[in-house]
1. Can you tell me which residue in the range 77-96 is most open to solvent (accessible area, probe 1.4 Å), limited to those that are basic (Lys, Arg) and under 28 Å from His377 (Cβ atoms)?
2. State all residues of the range 176-189 that are open to solvent by 10 Å² or more (accessible area, probe 1.4 Å), within 16 Å of ligand 3 (Cβ to nearest atom) and either assigned by TED's automatic domain parsing to the domain that holds Thr355 or not aliphatic (A, V, I, L, M) (or both); if no residue qualifies, say none.
3. Would you tally the residues in the range 396-454 being among the hydrophobic types (A, V, I, L, M, F, W, C), farther than 19 Å from Arg674 by Cβ and without any contact (Cβ under 8 Å) to a residue 60 or more places away in the chain?
4. Determine, yes or no, whether Asp41 is assigned by TED's automatic domain parsing to the domain that holds Gly125 and either on the phi > 0 side of the Ramachandran plot or open to solvent by 10 Å² or more (accessible area, probe 1.4 Å) (or both).
5. Since Arg262 meets every condition but one in (1) in contact (Cβ under 8 Å) with a residue 60 or more places away in the chain; (2) open to solvent by 30 Å² or more (accessible area, probe 1.4 Å); (3) within 24 Å of Gly337 (Cβ to Cβ); (4) of a type outside the set (Asp, Glu), which condition does it not meet?
6. Only one of (1) outside any loop (DSSP other than H, G, I, E, B); (2) touching a strand residue (DSSP E or B) at 6+ places or on another chain (Cβ under 6 Å) is not met by Ala396, so which one is it?
7. Somewhere in the range 165-175, is a residue open to solvent by 10 Å² or more (accessible area, probe 1.4 Å) and farther than 25 Å from Gln51 by Cα?
8. Could you list, in sequence order, the residues of the range 569-617 that are buried (at least 19 other Cβ atoms within 10 Å of the Cβ) and aliphatic (A, V, I, L, M)?
Amino acid sequence: MTRELPTVRAVCPHDCPDTCGLVVTVDPVANRAVALRGDRDHPFTRGFLCQKVANYLDRVYHPERLLYPMRRVGKKGDGRFERIGWAEAVRTIADRLRAVAASPDGPQAVLPYSYAGTMGKLMYGSLDRRFFHRLGASLLDRTICATAGAAGCDVTLGTRAMLDPEAAVNARYVVNWGSNTSVTNTHFWKVEFEARKRGARIVTIDPYRSPTAAKSDWWIPIRPGTDAALALGVMHVLFREGWVDRDYLDNHCVGADQLRDRVMTEFAPARVAAITGLSVDEIERFAREYGRSRELFGGPALIRLNYGLQRHGGGGTAVRTVVCLPALTGDWRHPGGGALLSTSKAYPFDDTFLTRPDLIPPGTRTINMTQLAEALHGELPGPPVKALFVYNSNPAAVCPDQSRVLSGLRRDDLFTVVHDQFQTDTADYADILLPATTQLEHFDLHGSYGHLYVQANNAAVAPLGEAKPNTEVFRLLAREMGYEPELFDISDEELARGALGEPGASAFGFGMPQEVAAAFDGITLDDTKRGPVRLNLPADWAPFAEGNFPTPSGKCELYSEREGRAGRDPLPHYQPPHEDPQTRPDLAADYPLQLLTPPVPAFLNSTFANIEKQRASAGGVTLEMHPADAEARGIADGQPVSVFNARGRFRATASVGESVKPGVVVSLGIWWNRYTADGVNGNTTTSTALTDLGGGATFFDNLVQVERA
Ligand SMILES: Nc1nc2c(c(=O)[nH]1)N[C@H]1C(S)=C(S)[C@@H](COP(=O)(O)OP(=O)(O)OC[C@H]3O[C@@H](n4cnc5c(=O)[nH]c(N)nc54)[C@H](O)[C@@H]3O)O[C@H]1N2
Ligand SMILES: Nc1nc2c(c(=O)[nH]1)N[C@H]1C(S)=C(S)[C@@H](COP(=O)(O)OP(=O)(O)OC[C@H]3O[C@@H](n4cnc5c(=O)[nH]c(N)nc54)[C@H](O)[C@@H]3O)O[C@H]1N2
Ligand code: SF4
Ligand SMILES: [Mo]
């Protein structure tokens, strides 16, 4: 029998800049999605998906999907549960939240814990935020990924480093700076590749020969955490040689002269070489190629900077410093030139409407999510955490200082709710476990942090089992708590219309270039349901071509009065990592190796680590190390090793080779603990120390020792 099956336009929800358009083929009679592919009509997706989401149906229909609410029966961490109904689950949770709120500890003893398991505007943060604000729960500062770079960009640019990613085909010198673009942003890599066909040279600055570095024309193997020093050394060469755009500096920047003095006196290539582990030749050559890309390669230079350089003690300053470079060269003038961190600020979503910050009781404390270990052990100011509500996140696997996160989750006096699609490592510690819908089972609205299209995700099928979307869980809880219906009895569609500022324009605030205020003009929710709609921004959008920086001065702030007033250095500088062998020889005596734990291509953070095919593709837990470091420890390729520091220890298989320089080791993740040799992953060694700006996580700022296991 042949019948034409309908298709549904959907959006990939994962924490990935590509935000792909999906086309889902549905068998409506069976309520089953039978095929899923990349949207050929989406200009950024161009019809292909990454290996993870190409197999998304394996996830949706996985036999281990959570389908019913459950209550813990075994010990915390054992992961044994029995089925209960939604009514009982909701009543149990509401009773406990009410009891904690009424106790002397008060409502701030409740901690919501969520991140970007889905990037959809509604499921990422809407009624959940309203609910916890209304309750008076502790606020969560969502720092685990991007706040260091955001803060660093804000100092210099007043917003994120951004431009039209599709315009990057015009770049002729492309620098992947702390960015594993071919893996983590694969559709942008396509654009870089297109630029290369037109003559561009692709360079990657990374201590690790990532897949991106391996495919680039030049790999610059910088020592971890020293990117600001390299950028300052490049500036030294640019000023010394006069390869600067004097007109751009004079008209659109403040502080060029002070910056020049700083780099000329303090950042000569010889000193930068000693800090970064690069040679003076490499630094000079990179500065020349970068600064003269138009003469040498026929077009502007583009820095695709990403998260690798942010996850160090000086990560905020590193980003602040790197994003000064395009102002020196004037590359912002040219479509596709400049720097790109995130396009998220190009979307004027009405987050105030979605999340209702006006409901937050004055004086409510904020807990930095990176410091969950401290929060669960009562080491932060304010009341102890007595109830933890986890959704869109798997902190037992992704948080730093894992041993202490796990011991905190094991606390008997802690009430933990986990809402997820699967029984994650975190779910093993839940008192109540709630089943979540996948992207094919709910409606949502998506911006992107890697392109300029807005699109609704249409539900393809009805929820499996008794799974519910995040918004519905908080509607039920709000009803049970007796909260105002006008705050919670609002449909997902109404939320989406409000997020788009329909009807009328949404509020325009600091942190957006002028034209962004109008980026949704003329776009309706119904348009976005039919497919991707490009933001109402000019083709080849180059927001800083003529300055227009949304900083207090309206200029690119190479010198920042705001930073000076905050008691920090008003000029870009080099801030060494917390755990730097050069500045912490005491620590390095015991733990001499800098460990990086970036994502493996087959997983998305810890998502997909429970899917057999993805795990097979990831291989196992490995440790890449240089032959000199291996030999010194009597370690041969393929041998089991133990990686450790004072915080913890995990096991891996040695992979000895030239993918790292001596002194650096790499273990890709993020593995679920249950699939590792001793029930912990690389985060057992990472620290909860924060970045200099933005309070961000410092996953890659981590000294360890390695021995044969
Ligand atoms: N396949 C896949 N794609 C993903 C993800 C995933 O888990 N899997 N995660 C998504 C998310 S949440 C994010 S935030 C992004 C992350 O996207 P990226 O930032 O591109 O990813 P990372 O691999 O974390 O870091 C990039 C590179 O930085 C390097 N690095 C580490 N320390 C330094 C340093 O000090 N200086 C420099 N120059 N480089 C350094 C690492 O070795 C790594 O190769 O990717 C998104 N896309
Ligand atoms: N060592 C080390 N640690 C890291 C990193 C690293 O590079 N190295 N990267 C860091 C980075 S960049 C990030 S962004 C964080 C990511 O940390 P997390 O945000 O915790 O990301 P995931 O591990 O992908 O977990 C997301 C969870 O959300 C669930 N989920 C998905 N959709 C929904 C939904 O609609 N509703 C509900 N209720 N749940 C849903 C998924 O099933 C999954 O279990 O990890 C950080 N941790
Ligand atoms: S994870 Fe990224 S590349 Fe993969 S389908 Fe989703 S948006 Fe596209
Ligand atoms: Mo991230």
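The values are calculated or read from the model by the stated rules, or taken from the named source; none is laboratory data. Note that the structure is predicted; figures quoted are calculated from it, not measured. No Cβ is skipped: glycine too gets one built from the backbone with ideal geometry, and neighbour counts run over all protein chains shown. With ligands, DNA and RNA removed, areas are computed over all heavy atoms of the protein, side chains included. Shrake-Rupley method; radii C 1.70, N 1.55, O 1.52, S 1.80 Å.
1. Top of the filtered list is Arg80.
2. Asn180, Ser182, Thr184, Thr186, Trp189
3. The total comes to 1.
4. No.
5. Every listed condition holds for Arg262 apart from (3).
6. (2)
7. yes
8. Selection gives Leu571, Leu593, Leu595, Leu596, Val600, Ala602, Leu604, Ala609, Ile611.
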